[in-house]
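Since the structure comes first, as structure tokens, the remarks are kept for the end.
Here, each number is a calculation from the coordinates, and none is a lab measurement. As the structure is a computational prediction, the values presented were derived from the model and not from experiment. A quick note on method: Cβ atoms are made from the backbone with ideal geometry, for glycine too, and the neighbour counts reach across all protein chains shown.
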Amino acid sequence: MSELVFEQVSVRYGTRRGGLTAVDGVSLTVPPGQVVGLVGESGSGKSTLARSAVGLAPVSAGRVLLDGIDVRQLAGRRPLQMVFQDPYSSLDPRMRIGASISEAMPRGGGADARRAEVARLLELVNLDPDRAGMLPAQLSGGQRQRVALARALAGQPKVVIADEITSALDVSVQGAVLNLVRDVRRSLGLSMLFISHNLAVVRYLSDIIAVMYLGRIVEAGPAEQVLSDPQHPYTRDLLSAAPAWNTPLFEDGDAAGVSDAEPSDPHHPPAGCRYHPRCALGPLARPDRDVCLTTDPAQDAERRPHRSACHFAGEPRPALPKGARA
């Protein structure tokens, strides 16, 4: 089991004047043998953070450490693999399934040994080894995502990063893929960073949950604690907006979910707390709370429960009048 650590990681694109800081000083730890679920709206920087770990996004500042070693210093194949969101584009359409999996294996071993390993990996992800001779177009979306997982495991990783791996699949096959991921991770003792915008999925798989907004982690802690007692208003809004079959995942009186306000422009994030233009605990509801406009709450987040980047973490959200909208 291995530990993956993001240490004050920033990822910036473009020039100093016209660039975009997609990830801004993120510190996050994936403990050995555990699953960290990373959630947030589209554009929050989740996938960019993941790509920085596997060398697909430039790390402008900070470090990504695998068992204490900067991943940029690892020679040869990194013991860190990523499963991408879209199974239709993550596989070469002209390469047969067995060849795609074999390509990811470490060098060495004869052809028979490699074929046997391909068959073992296909069985591990609940696919018939006879499918090794098929092309991706001959498989369903769920089967392709299983192949993508088998290919990631072929690299003999210590840590796996799964980026929205069920979002492109039909609901009918999402559960099967999630059960497979959970079983494979447990049987192999892998550490995992699991990225999703679906809170039900994150709750099902994760030991720890981290919430990301505009390039920063705004709350992180044990999954059940974060979901049952969220400290940051953005986490509360996400939970209020989450669909549920029977009862809401999080109940908060008459409060509405995520406000109608659009997220701030990531090219020009607001001063102070980045969430204050949408927050029901800040100046929108309490004009006297101008600290949210001027002081970044991330500076002393470590002293608050769940490392919440909020000056008023844990305060109940005020109920709105009947019929009112946030």
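Amide H contacts under 5 Å for M212: V39, G40, V218, restricted to partners 5 or more places along the chain or on a different chain, H placed in the peptide plane at 1.01 Å from N. Taking a sphere under 14 Å around the Cβ of L122 and counting the other residues whose Cβ falls inside, with K and R at +1 and D and E at -1, yields a net charge of +4. The trypsin sites (Lys or Arg not before Pro) of the stretch 100-149 meeting both criteria, a DSSP state outside H, G, I, E and B (loop) and at most 15 other C-beta atoms within 10 angstrom of the site's C-beta, are R107.
For the chain, take the longest principal axis of its alpha carbons; what is the angle in degrees between that and the long axis of helix 111-124, to the nearest 10 within 0 to 90? Tilt relative to the chain: about 40 degrees. Within the listed set S187, S100, S52, the residue fluctuating most in the Gaussian network model of the chain (springs between alpha-carbon atoms under 10 angstrom) is S187. Comparing G109, G55, G215 in a Gaussian network model of the chain, where Cα atoms under 10 Å apart are tied by springs, the biggest mean-square fluctuation is seen for G109. Mind checking the angle between helix 171-188 and the chain's longest principal axis? C-alpha axes, 0 to 90 degrees, to the nearest 10. Long axis of 171-188 versus the principal axis of the chain: about 70 degrees.
Here the Gaussian network model covers the chain, with springs between Cα atoms less than 10 Å apart; of H232, H306, H268, H268 fluctuates the most. Applying the Karplus relation 6.51 cos²θ - 1.76 cosθ + 1.60 with θ = phi - 60° to the stretch 141-156 yields 3J(HN,Hα) values of x, x, 5, 5, 5, 5, 5, 4, 5, 4, 5, 5, 5, 5, x, 6 Hz, where x marks Gly and Pro. For the stretch 4-15, backbone phi angles converted through the Karplus equation (6.51, -1.76, 1.60; θ = phi - 60°) give residue-by-residue couplings of 10, 10, 9, 10, 6, 7, 10, 10, 10, 10, x, 8 Hz, Gly and Pro being listed as x. Each distinct pair of alpha carbons in the stretch 4-212 adds a 1/r term; the inverse of their mean, the Kirkwood radius, is 17.7 Å. Sorted largest first, the principal axis extents computed over the alpha-carbon atoms of the stretch 1-74 equal 42, 30, 17 Å. Modelled spin labels at A241 and R72, positioned 7 Å past Cα toward Cβ, are 3.4 nm from each other.
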